[in-house]
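First up is the structure itself, then whatever we jot down about it.
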Amino acid sequence: MTESLLCELSVPGRKGVLFPKSDVPKASLPANLTRQRLPLPEVSEVDVVRYFTRLSQLNYCIDKGMYPLGSCTMKYNPKINEETARLSGFANIHPLQPVETIQGCMVLMYELQEMLKEIGGFAGVTLQPAAGAQGELTGVLIIRAYHQSRNDLKRTKILIPDSAHGTNPATSAMSGLEVVQLPSDANGNVDLNELRTHCDDTLAGLMLTNPNTLGLFEENVLEVIRMVHEAGGLVYGDGANMNALLGIVRPGDLGIDVLHYNLHKTFSTPHGGGGPGSGPVGVAAMLVDFMPGPVVDIIEEGDDEIPPLFGFVMPEKSIGRVKSFWGHFGMMVRAYTYIRVHGPEGLRSVSEHAVLNANYLMAQMKKIYHLPYDRTCMHEFVVEGRWDDAPDIHALDIAKRMMDYNLHPPTNYFPLIVHEALMVEPTETESKQTLDAFIEVMEKIADEAHNNPEILKTAPHTTPVGRLDEVKAAKELVLCCGLEFPPRERLLPDKCST
Amino acid sequence: MYIPHTEADREAMLHTIGAEHLEDLFQDVPAAYRFPKLDLPPAITEMEVMMEMQRLANANESVSDLICFLGAGAYNHYIPAAVDAVLRRGEFLTAYTPYQPEISQGTLQAIFEYQSLIAGLTGMEVSNASHYDGATAVTEAVTMAYAHFRGKRTKMVLSPALHPHYRETAETYNHGTDVSIVKPDVDLKAGPDALLPWIDATTALVVVQYPDFFGRIYNYTSLAEAVHAAGALLAIAVNPLALGLLTPPGEFGADIVVGEGQPLGISLSFGGPYLGIFATRKDYVRKMAGRLVGETVDTRGQRAYVLTLTAREQHIRREKATSNICTNQGLMALASAVYMSLLGKNGLRQVAELCYHKAHYAANQIAALPGYSLWTETPFFHEFVIRCPIPVADINEHLLEHGILGGYDLGKDNPELENCMMIAVTEINSKEEIDLLVETLSEVYHD
């Protein structure tokens, strides 16, 4: 496959959409500010629709099949969510309208805040953060602001387990805190002895992912949190793995002080090929005043006849806003829809089946792949993509070969503490048949690894493109098409804009 | 529904695992807190949820119900039908980040197109694959400038005519670090030259907006020269739709172009999800945050696309990464790419000109009304400020009674702009709508 680029499809004079002629007198254009060249393509609507449709067909996606990416919670995205988010009364609302004209949006946001408080066991929720990483930053800034408000200025150290997502240390570094890595013990838990040595008056907090990225529930979670609290630190929960916990346990009940949710994981909003996400943050009571805002609250109580009036309120000691406007409202509509069709029992069922599916796969996978931490897992687990008796085969080869069997590979080479990691998260939306087919493929690939390793080393074979020359990509850096219209020979990469 | 398991499936699966009940899988969870009763509304069916959501949506008055003259960072434009038709394809909508390029060429090539279109539109050499929105793109420019000077220059001069949300976001991100976010205390009517006294050898970055928050357009060439003479970087935050008509900031000499991409085919959606644009010069590409798609070849010799320079990113570099960004606005970048392709060279120019002419018509008509005057005295694009004879809140209430969503009340943020309203006009607003606005404005004031 080589799909032509738009700049190669462009034909002078072709149009994709017409607009009406101006019905007002023309004003003179600003002489020294009117551009001379506009290097955009000239293509018809048919060209555009066919081009992007053909491109789309080169993608794998949840709508095609299972997507067992660990820590990504690639569950099925219900179609009703897309309908509700596109209702004109949601999609066509300007963010700065008077509150009297947007009470529907405000009620939805208020109710979603309440639902997320209840699900996580928190006293407050802000919906503003745009994604998980921004939710993390929000949480860490709240922790820092809390210590500063108490004039507890020595607390600059944040502990992060070695199994954590890369965003945890990156976030902490952005907020100016000193990152200290905590090792895991032989059972995949936080090493308590190591933790103890850091529990002093410089401790700002601990970023805890629970279940951790090995898919294991922290066996000493209460002890870990108690130790951090006793040292005066706070505990941040990375909610990327909330899909294991809905109706199972509330992080707030365990003593976690701040946690971000990923609406684009746990609450089924689509990943869109990389985003948008949405990363609301829940906090314990003493942190409510520090949340970014504004948040939605009742600004005029109602009575029997008049409903309350909802409006935006800035928390008293807020860290400030973390983005424009109020957050990714379109994602909130989808998540609200999802929670409403599940109800409390349905949400518990989501996590029960996510954990059931993961344990079912793990029980079968461990017969053929080395399982470094052999415990009951939560919603995901990690095996090694290597065998001593097939020394040339790496996790990458297994991942690439899976594509030939129409499967998306698991997350690989993460977490960093497992050699040649393959991190599998099936989610609750996959049936037993789908899981059985997955196992069958994994068995076949293990067999090929031993008897026909070359077929793995050269995989994938059936995909639109084969393995890519990533070194060339990074060395030659062709980052745009050159955009010469009408299409001629493409320009050199450093001439992109000229 | 979405959980396909039958009772027989569950039994068989538990048997394989060696457990008796589903509950047995949760032994590691402290018993005292296990299986809390969640106080949430009971489940309803898809049909019922649709009805509930319609009821909530109907409790709002949308810009389809009202005549919209509100802007201030989010604009009501026509979105061609083909944009959403592409977005709704499950292959784009339900795909993950393209970390596996062999089965993600669709997303990768689409992002490559987006990068090309943004580079062309802004006149820059490199665009990344998006940030969350205009505000966070500005913040990333601050972070990049800080990294560029390795912390030796820490002053970031943010124009007072920058969107207040952008500045507030940059302040939140940098509070308590050694970055200082400076807002020059200058007359809001002054042009970019007023910033010059604030730029010195400690300045890392100057950020201006184009059109600025108040809708005004300036040629920033001499500002760029002054910024560069001081050894600092210049970032220009743009409305990309305006660049269909206006000189691209690359020609002014901008080092970084950021912006809010919402006007490029993204629905208002009460403030998000939108699109953070970030483009720069090739020299700075390794300091830039965010994902980046590059062209290469595969083992079969075919042209193909892949995420590149990933060593800048958090999943590789952890605490040494250029930013913590992971999830971005992939689908919104796709929306804008489809929009820019459909409109193309001629359509984007036409829409930008329609906005320009209609806004100028509206401004002239309002300025002629007794009691009203134009606060905006310099060239503007599609948004302008009027000084009103009575408080803006009272006027907007009256407008709303006539089905008009009035402009932004600037007095809320700036005491010196009391009774000042900022009005945005786009291609959607017909002459009749503008005339109705003018007529209704004239009704509220009798001298």
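Readers should treat all values here as calculations from the given coordinates under stated rules, not as data from a laboratory. Just so it is clear, the structure is predicted and the values come from calculations on it, not from any experiment. A quick note on method: Cβ atoms are made from the backbone with ideal geometry, for glycine too, and the neighbour counts reach across all protein chains shown.
Annotations
- Per residue Cα convex hull volume in Å³ - calculated over the range A:177-245: 86 Å³
- Binning all Cα-Cα separations of the protein assembly as shown at 10 Å, short to long from zero, yields these whole-percent fractions: 2, 12, 22, 26, 21, 11, 4, 1, 0, 0.
- Dipole moment magnitude, nearest 20 debye, the protein assembly as shown about Cα centre, only Lys, Arg, Asp, Glu C-beta charged: 2920 debye
- Cβ-defined net charge surrounding A:Ile445, 11 Å radius [Lys, Arg +1; Asp, Glu -1]: -3
- Projected-area mean, the range A:268-386, by convex hull of Cα positions, square nanometres: 12.2 nm²
- Chain A, relative contact order in percent, only Cα pairs under 8 angstrom and at least six apart counted: 19 percent
- Taking all Cα-Cα distances within the range A:58-148, those exceeding 22 Å account for 53%.
- Legend: ranking of residues B:Phe270, B:Phe69, B:Phe252, B:Phe149 from fewest to most surrounding C-beta atoms inside 10 Å; resulting order B:Phe149, B:Phe252, B:Phe69, B:Phe270.
- Over the range A:81-340, the pair-distance histogram of Cα-Cα distances with 5 Å bins from zero comes to 1, 6, 14, 18, 19, 16, 11, 7, 4, 3, 1, 0, 0 percent, rounded to whole numbers.
- Net dipole in debye of the range A:81-340 [+1 Lys, Arg Cβ; -1 Asp, Glu Cβ; about Cα centre; nearest 20]: 720 debye
- Of A:Lys15/A:Lys475; A:Lys79/A:Lys432; A:Lys157/B:Lys152; A:Lys157/B:Lys282; A:Lys64/A:Lys432; B:Lys155/B:Lys189, pairs whose Cα-Cα distance is over 26 Å: A:Lys15/A:Lys475; A:Lys157/B:Lys282
- Note on A:187-197: average number of Cβ atoms from other chains within 10 Å of each residue's Cβ is 0.
- If you bin all the Cα-Cα distances of chain B at 20 Å, starting from zero, the percentages per bin are 22, 48, 25, 5, 0.
- Unit charges on C-beta of K, R, D, E only; dipole of chain B, Debye: 1980 debye
- Neighbouring Cβ atoms from other chains, within 10 Å of the Cβ of residues in B:19-29, number 6 on average.
- Dipole of the range B:81-339 computed with +1 at Lys/Arg Cβ and -1 at Asp/Glu Cβ about the Cα centre; of B:Leu234, B:Thr310, B:Leu292, farthest Cα towards the positive end is B:Thr310.
- Cα centroid separation, the range A:336-390 to the range A:108-123 (Å): 26 Å
- Reach of A:Lys21 by Cα under 24 Å, taken over lysines that are not fewer than 8 positions away in the same chain: B:Lys345, B:Lys358, B:Lys431
- For chain A, the fraction of alpha-carbon pairs lying more than 28 Å apart is 62 percent, rounded to a whole number.
- Fewest neighbouring Cβ atoms within 10 Å first, the residues A:Ile319, B:Ile325, A:Ile306, B:Ile79 line up as A:Ile306, B:Ile79, A:Ile319, B:Ile325.
- Entry note, chain B: relative contact order of 20 percent, from Cα contacts under 8 Å with a spacing of 6+ residues.
- Peptide A:175-185 has a mean of 2 when you count, residue by residue, the C-beta atoms of other protein chains within 10 Å of its C-beta.
- Here the 3J(HN,Hα) profile of the range B:360-365, calculated from phi with Karplus coefficients 6.51, -1.76 and 1.60 at θ = phi - 60°, is 5, 4, 4, 4, 5, 5 Hz, Gly and Pro shown as x.
- Mean sequence separation of contacting Cα pairs (under 8 Å, at least six apart), scaled by the length of the range A:81-340, corresponds to a relative contact order of 27 percent.
- Treating each Cα of the range A:1-83 as an identical point scatterer and summing with the Debye formula, the log10 of I(q)/I(0) at q = 0.27 Å⁻¹ comes to -1.27.
- Amide H contacts under 5 Å for A:Leu234, placed H, 5+ residues apart: A:Gly205, A:Leu206
- Amide proton proximity set for B:Ala237, modelled H, under 5 Å, gap of 5+: B:Val208, B:Gln209, B:Tyr210, B:Val258
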